[in-house]
Structure formats: C-alpha cells, structure tokens
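Notes follow the structure.
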C-alpha cells in the first residue's frame with residue numbers, strides 16, 4: 001500500500017495532482033479542500049489511499065490524516081464509493097461532515113451531489129460512533145493548550161454524554177483554575 005507521497009508537485013488541477021517522487025510521477029486524485037490547502041508549494045506531502053479495482057489502481061490524496069480517515073469511513077458505507085466520498089470531501093470539510101453526522105443533519109449530507117435521503121441516513125447510522133471517536137481525537141489537537149478541558153470532555157463523552165452538550169457545559173465552567181475532578185463534577189451537575 002502507498003500511505004503517503006513526499007515529492008515535487010508537477011501538475012495540479014482541482015481534481016488531480018501529479019507528484020514526482022524520485023523520478024516517478026504519481027497521479028493522485030484530490031478533493032477541493034486538498035487542492036486549496038496545497039496552494040502553490042512545489043514540495044508537497046500528501047497522505048494517500050490506494051483503491052484497487054479490476055480495471056484500475058487509483059490513488060487518492062489528502063492534505064491531512066483526518067481527511068484521509070474521513071474518506072476511509074465514508075467508503076466503508078454501502079452505496080458510497082471513492083468518487084462520491086471525494087465529492088463529499090470537496091463539498092464539506094472533514095469537520096463539517098463529522099458535525100453533520102454527529103448532529104444527524106440529513107439535509108446537509110443530502111445537499112451533496114449524488115447523495116439521496118436513504119444514503120444520507122445510512123451514512124449517519126453507520127458512522128455516528130466512528131465519527132465521535134474521530135472528533136474526540138481531534139479535540140486533542142484543538143485544545144492541546146488545555147489538557148484538563150480535553151480530558152474532562154473525553155471523560156464525559158466516554159460516560160455517554162453528547163459531545164456538543166458536554167462541550168457547551170465545559171465552556172461555561174472552564175476558568176483555568178479548576179482541577180480535572182472539579183471540572184468533571186461540575187459538568188455532571190449541569191448535564
């Protein structure tokens with residue numbers, strides 16, 4: 001499997017790039033989010049997913065590991081192929097897809113070209129638990145400066161509380177002076 005490519009960007013279109021790695025040019029299909037994130041850099045690093053079909057070996061590229069992980073989750077859903085997953089990731093960021101799944105927002109998912117009501121519901125049902133783990137993991141990056149808040153959020157989510165509700169309660173409670181135990185106890189009183 002090819003997990004990432006680091007090399008020189010030779011060609012770039014909104015749907016595909018060619019990356020030169022030691023004299024070999026790899027054609028990589030990308031989302032519009034990755035296209036925007038790559039900018040005009042000549043030296044690039046893209047995280048990849050190789051899809052092998054009967055008639056082709058296709059390489060899909062992503063600017064972040066989170067986007068690649070969301071792609072992997074999306075293609076695991078019956079009725080969502082790699083091209084549909086790329087359309088979803090071109091229409092919405094991985095965080096927006098995760099938020100739509102978390103909040104069971106069928107309209108947002110259905111607004112993506114090629115996604116009907118049944119497929120949108122299937123995406124929500126199949127990925128709700130997987131995306132919760134993904135979004136909690138990404139909280140670690142966003143709140144690395146405040147590990148107590150992250151630990152409290154992670155604890156509340158693992159206790160079965162809704163991430164958004166717990167997040168709102170923690171926003172009200174965090175002053176920067178409380179311990180992890182005080183923060184969790186305070187949140188439990190309000191949830």
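Which FRET efficiency, nearest 0.05, do residue 189 and residue 76 yield, Cβ-Cβ r, R0 41 Å? The partial results should precede the final answer.
Numbers: r = 38 Å, r/R0 = 0.94.
Efficiency for this residue pair is about 0.60.
The largest-to-smallest principal axis extents of the Cα set in segment 1-63 are 34, 26, 17 Å. Note the angle between two axes, namely the Cα long axis of helix 147-158 and the longest principal axis of the Cα atoms of the chain, as a number of degrees from 0 to 90, rounded to the nearest 10. Approximately 90 degrees, to the nearest ten.
Divide by every residue of the chain the summed helix terms, -39500 (n - 2.57) for each DSSP H run of at least 4, and state the resulting mean residue ellipticity at 222 nm, rounded to the nearest 500 deg cm²/dmol.
Values: 9 runs with 102 residues, N = 191.
-16500 deg cm²/dmol, from helical runs alone.
Pairs of Cα atoms in the chain fall into 10 Å distance bins, from 0 up to the last occupied one, in shares of 9, 31, 28, 21, 10, 2, 0 percent.
Taking only the C-alpha atoms of segment 143-190, Rg followed by Dmax gives 9.4, 26 Å. Between the helical axis of 163-173 and the dominant principal axis of the chain, each derived from Cα atoms, what acute angle in degrees is found, rounded to the nearest 10? With rounding to tens, the tilt is 50 degrees.
Packing-wise, with mean Cβ within 10 Å as the measure, how do 82-92, 116-126 rank, highest first?
Numbers: 82-92: 20.0, 116-126: 16.3.
Per-residue mean Cβ counts within 10 Å order the peptides as 82-92, 116-126.
Modelled this way, with points 7 Å down the Cα-to-C-beta line, the labels at residue 164 and residue 182 are 3.0 nm from one another. In degrees between 0 and 90, to the nearest 10, how far off the longest principal axis of the chain does helix 82-91 point, with axes built from Cα atoms? For 82-91 against the chain, the angle is about 60 degrees.
Readers should treat all values here as calculations from the given coordinates under stated rules, not as data from a laboratory. The structure displayed is predicted, hence computed values, not measured ones. A quick note on method: Cβ atoms are made from the backbone with ideal geometry, for glycine too, and the neighbour counts reach across all protein chains shown.
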